[in-house]
Structure formats: C-alpha cells, structure tokens
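Readers should treat all values here as calculations from the given coordinates under stated rules, not as data from a laboratory. Just so we're clear, the structure is a prediction, and the values are computed from it rather than from any experiment. In this analysis, Cβ positions are derived from the backbone assuming ideal geometry, glycine residues included, and neighbour counts consider all displayed protein chains.
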Amino acid sequence: MADPVTFATGTKSREARRPVIIALQIGFFIAWMALWEIMATTGLADPFFFSKPSLISARIWEWLSGGFIYEHLITTLTEALLAFLIGTVLGVIFGLTFARIRLLAAVFNPYIRVFNALPRVILAPIFLLWFGLGIASKVALGVTLVFMVVFFNTYQGIREVNPVLLNNVRMLQASQRQLLRYVYLPSAMTWIFSSLHTSIGFALVAAVVGEYLGSARGVGFVVAQAEGVFDTTGVFAGLILTSVVVLGIDLLIEKLENYLLRWRPGG
Amino acid sequence: MTPAVSFDSVTIRLPTPDGGALTVATDLSLDIVEGKFVAIVGPSGCGKSTLLNLAAGLLFAPEGKVRIFGDELHAINQHAAYLFQQDALLPWRTIVDNVLLGPLIRGRSRAEAEPEARHWLQRVGLAGFEKQFPHQLSGGMRKRAALAQSWIVDPRILLMDEPFSALDVQTRQIMETELLGLWAETRKTVLFVTHDLEEAIALADEVVVLSARPARIKGIYPVNLPRPRDVAEIRMIPAFTTLFNRIWADLRVEVGAAAHG
C-alpha cells in the first residue's frame, strides 16, 4: 500500500526540482552545440562530414524564411497522415473481424506472422514500381506499417475484454451490435490509443524512407538531394527539421490521449 | 403459482484449470417463489454462482431445464438483472452514463433516460457524483451505482452473486440495509448467493443450503424474522441466533467435507 505521506513529499520534491532539471537540460544542449561548433571549426571533426551547428541553423532559417521547405513538409505530413488514417481504419476493421471470428484468425495466423516478420521497409521498392513516384507509393508503405500495429492492438483489445463487463452489458439485454458499440470498441480503443505514438511514428518513417528512395517532393527528397551533392549541412537540417515536427505531433497526440483516456485510474 | 425461477434436474459443470470440466451437481431441482428474497449458501466450489449464471441465461445446463415464470430459458433472461461480485461498471463511461445504459439499450433516448438515471443515483445516495468516472469512486459507491444500474430497468428478478463481499464490514452493513429498503418497496424476486451465513439470514426470507460435491439441496430454511430489518441489530435477537445455529450445524458438515474432499 502506498504511504500517503511519502507519496505527497515525493511529488512535491519532484515539482521543486523541475526548474533545475530544465536548466540542466538546456545547459547540456548548449554545451553539446558549443563542443560540436568548436570541434568543426578547429578541424578536430571534419566539417565536410559533420557540418556545423551555426551552418545548420542558418540553413533551417533560410528554408523557413524563404518558404522553400513548406511544400516538402506538407507533402511528407500529408503522406504520413493518409497512411495513418487508412492504416488505422483497416487495422480496426480487420482486428475486429479476426477477433470475433475464431476460424479466420486460426487460418490466417501463419500468414500474418510471416507478414509481420517481414521488414516492411523492403516493400518500398515494390510500391515505387506499382504506385509510381507520387505520394501513393509512400502512403501504401505507411499503411502496411500502421496497419500491423493497429491490427494487433485491436485484436488483443477485443480478445481481452473483461468478461464481467461483457456479461453485465449482456444482462442489460444488449444485442451483438450494441455489445460491439458499448463494450468491445471502447475497450479496444484504449489499446489503439496507446499505439498512436508508435503508428504515427511509423507513418512518418514510411513517408521519409519512401521519398528518399524515389520522389520529387518531401523532406526525404530534400535530404536525398543534399546527400547527392555532398551537402552535409542540408542533410542535418532535414533530419533536425523532421525530428522537431515529429516531436510536435507527439506532444499533440499525448494531449489528445490524455483527454480521451481521462477515465483511466491515474490517467 | 408458477415459480419465478425453476431449476428442473439440472447438471452443473465447472471448468477446471487444465481446460476440462468437473461435474459438481446432477439432478438438482429448486423452485424460487415469486416475490421472495432467497439466499443460497454452500461451501466453495459447490456451484452456487453457476446456478445464478444458469438463471441469468449466461450459461446453459448440459442437462436439465431452467424455467423463468414457466418458460424454458434459451437465451439471456429478459426478466432479470444481475449484480456481480466484481466491478462491472464500464470504466470509460461516467456514473450517470453507466446507469442510463440499460434504458438506452432498450431503445429509449438519452434525453429521456438521463433524468431517470439521475433520480436513481439520488435514491442510492450518489447525487453529485453523476459526472465522475467509476475509478474516482470508492468500492461502496461503485456498488451503489451498480445497484442503480440494475434496478433502473425494473427487472422482475434480481440475481446477486456475493455483491458485497469485497466491501469492509461497515460499508457492507449499510449496503445490505439499503438493499432491503429498495427491495421492500418493490418485493422483486431476489436470488442472493453468499458464503456468509449471517448475511444470508439477515437479508432473506428463505435460506437454501447446498451440500459439498456432489451438490444437492441440503435444506431449505424459512427465515421468519420480522421486517423491516436492520441488518446490524437483527443479529442480536435470540431467534436469529437459534436459526443461525440450526443452519450452521448443517452447513459446517458440508464446509468440512468440501475442505477435506
């Protein structure tokens, strides 16, 4: 049993330490950047391979202020979002069907395992051939990644529905459709939401990798172009920009998740 | 008069941990008269809860028949509400949304069902907690909400499976008294499974004692104690003690048999 006194003081001291932690985090960032800058300037690290924080930040600023990067960012985000939406819808539908129809799950079990074991990034070249250099090939790749995550979580979520909740709602005379609506789906939702971070990350990975391998637009394309002319600064700028965007999306998802799962104890 | 619930030579099988099934009773018959509060006691593993699930239509007996008001039961019992031992409120719905679920499922609109749900929450002493989620309430309060959830649909039969066993003694007695209060207003048929003989006598009109495996009806004891009862005070009166000793003499043999068997 949790001791309320220790618990309370524990929370308080963590609150009190917060500014210190933030200061240390910022300090580490500045030290790291300074070290990188100095190493590159003095030639300890070859600026050809490592570039310099000052050059990279100047490049990012140039992209943002000049408006060059927006078209590419929007392309990448569109691909990721489409892959995420389509993959989630398909994953929920299939997860639900497989969890409710035992025979289907039993028959397809080995195939699903094989497909899941396959490193799906390897499908990118095939999708490029099938769907061309436009956004469709990137969305297709993203769908295969997102689908698996959502599929497994939905399947698990439906299979692990608390039987007491199920019996209770059955006693309230719920039909099969109502059981799905009031018990199975909300129960699986908690699993699906907790997989949101993973699946949106996968969708972005798929978009960038797909663009890198062949495209005319997108952040992956920008990085590939920079790499083609040995422009290390451009590669780093692309990487950092992508990371910041993903971080922003992650924070938004966390807010959404906290709201939607507010009924959970301690949530 | 047709009994509310009638078990007609049913077989009870319990699943075993290794995936098999253990037959704990064969040829078990019992009639529950409409309007009576009947408690079922017996040693653990004798199939009390399974009997309740048969009456609910959540399980079906491999042999024998269950009749509800004379009609053989083949699906979920439409006349019954069930109060489970475990928490059965949907954790993602607020308390009021949980209580109005029954009417909602039966096709009533939310706008229609909500005032009724609020009224029921008030009756069980949960006014002001409508918008809370189940985990924000204490165990006793969750039981009150579950009570409201099952009574709002006005069932003719109430099935209760050790509903208060997880509560502390004080909360438990309060809940028992409130249950009797609600029951006195409507006189629904109640089937109350418990392992606590005192609770059974304090609440019921009739106590059914099941034997250890193979389970049979060891005895049916009418409880002729005055109503309305206060569950805490009734334990002090001599008639209670006499009855308790009589039933316990029978029950202890079975509990002993179950412990050694």
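Worth pointing out:
- Placing unit charges on each Cβ (+1 for Lys and Arg, -1 for Asp and Glu) gives segment A:131-261 a dipole about its Cα centre, and among A:PHE230, A:SER175, A:ASN162 the Cα reaching farthest toward its positive end belongs to A:SER175.
- Take each residue in B:148-161, count the other chain C-beta atoms within 10 Å of its C-beta, and the mean is 1.
- With semi-axes defined as the square roots of five times the eigenvalues of the C-alpha gyration tensor, the equivalent ellipsoid of segment A:182-266 measures 36, 14, 7 Å, largest first.
- The stretch between B:ALA239 and B:ARG252 holds 2.7 nm of extra length on full extension. This uses 0.36 nm per residue minus the Cα-Cα distance.
- When A:TRP61, B:TRP248 are sorted by how many other C-beta atoms sit within 10 angstrom of their C-beta, beginning with the fewest, the order is A:TRP61, B:TRP248.
- Axial C-alpha extent at least 15 Å, average Kyte-Doolittle at least -1.0 - helices from chain B (DSSP): B:139-151, B:169-186, B:238-260
- Rounded tilt (10° steps) of A:232-260 against the dominant C-alpha axis of chain A: 30 degrees
- Mean per-residue shielding of peptide A:15-25 is 0, counting Cβ atoms of other chains within 10 Å of each Cβ.
- Computed E for B:ALA166/A:VAL20 - FRET, C-beta separation, R0 35 angstrom, nearest 0.05: 0.20
- For chain A, alpha-carbon Rg relative to the globular expectation (2.2 N^0.38 Å, N residues): 1.28
- Point-charge dipole on Cβ atoms (K/R +1, D/E -1) for segment A:1-143, about Cα centre, debye to 20: 580 debye
- For segment B:172-261, the fraction of C-alpha pairs farther apart than 21 angstrom is 33 percent.
- Spacing of the modelled spin labels on A:ALA31 and A:LEU180, each 7 Å from Cα toward Cβ, amounts to 5.7 nm.
- Both the radius of gyration and Dmax for segment B:88-154 are 10.4, 31 Å, in that order, over alpha-carbon atoms.
- Given B:LYS36/B:LYS65; A:LYS255/B:LYS131; B:LYS36/B:LYS143, the pairs whose alpha carbons are separated by over 26 Å: none
- Inter-chain Cβ neighbour count for B:97-103, averaged per residue, equals 2 (cutoff 10 Å, partner chain atoms only).
- Once the Cα-Cα distance is subtracted from the 0.36 nm per residue extended length, the A:GLN225 to A:ASN258 segment shows a gain of 8.0 nm.
- Helical runs assigned H by DSSP (4 residues or longer) give the protein assembly as shown a calculated mean residue ellipticity at 222 nm of -19500 deg cm²/dmol, each run adding -39500 (n - 2.57) before division by the residue total.
- For the protein assembly as shown, the Stokes-Einstein estimate of translational diffusion at 4 °C and a viscosity of 1.567 mPa s comes to 46 µm²/s, using the Kirkwood hydrodynamic radius over alpha-carbon pairs.
- Taking other C-beta atoms within 10 Å as the exposure proxy, B:GLU114, A:GLU79, B:GLU233, A:GLU211 rank B:GLU233, B:GLU114, A:GLU211, A:GLU79 from fewest upward.
- Positive-end extreme of charge dipole, segment A:1-147 - chosen from A:ILE135, A:PRO119, A:PRO47 (charges on Cβ): A:PRO119
- Between A:PHE115 and A:LEU103, the contour length at 0.36 nm per residue exceeds the Cα-Cα span by 2.4 nm.
- Listed residues A:ILE60, A:LEU247, A:ALA105: farthest to the positive end of the dipole of segment A:56-260 (Cβ charges): A:ALA105
- Sorted peptide list for B:45-51, A:259-265, B:120-126, A:229-235, criterion being average Cβ within 10 angstrom, highest first: B:45-51, B:120-126, A:229-235, A:259-265
- Computed label-point distance, nm, for sites B:ALA127 and A:LEU251 using a 7 Å Cα→Cβ extension: 4.5 nm
- Exposure proxy for B:PHE69, A:PHE49, A:PHE151: other Cβ atoms within 10 Å of each Cβ, ordered fewest to most, give A:PHE49, B:PHE69, A:PHE151.
- Pairwise label distance in nanometres, A:SER194 with A:ILE38, each label 7 Å out on the Cα-Cβ vector: 4.5 nm
- Peptides A:33-45, A:186-198 ranked from most to least packed, by the mean per-residue count of other Cβ atoms within 10 Å: A:186-198, A:33-45.
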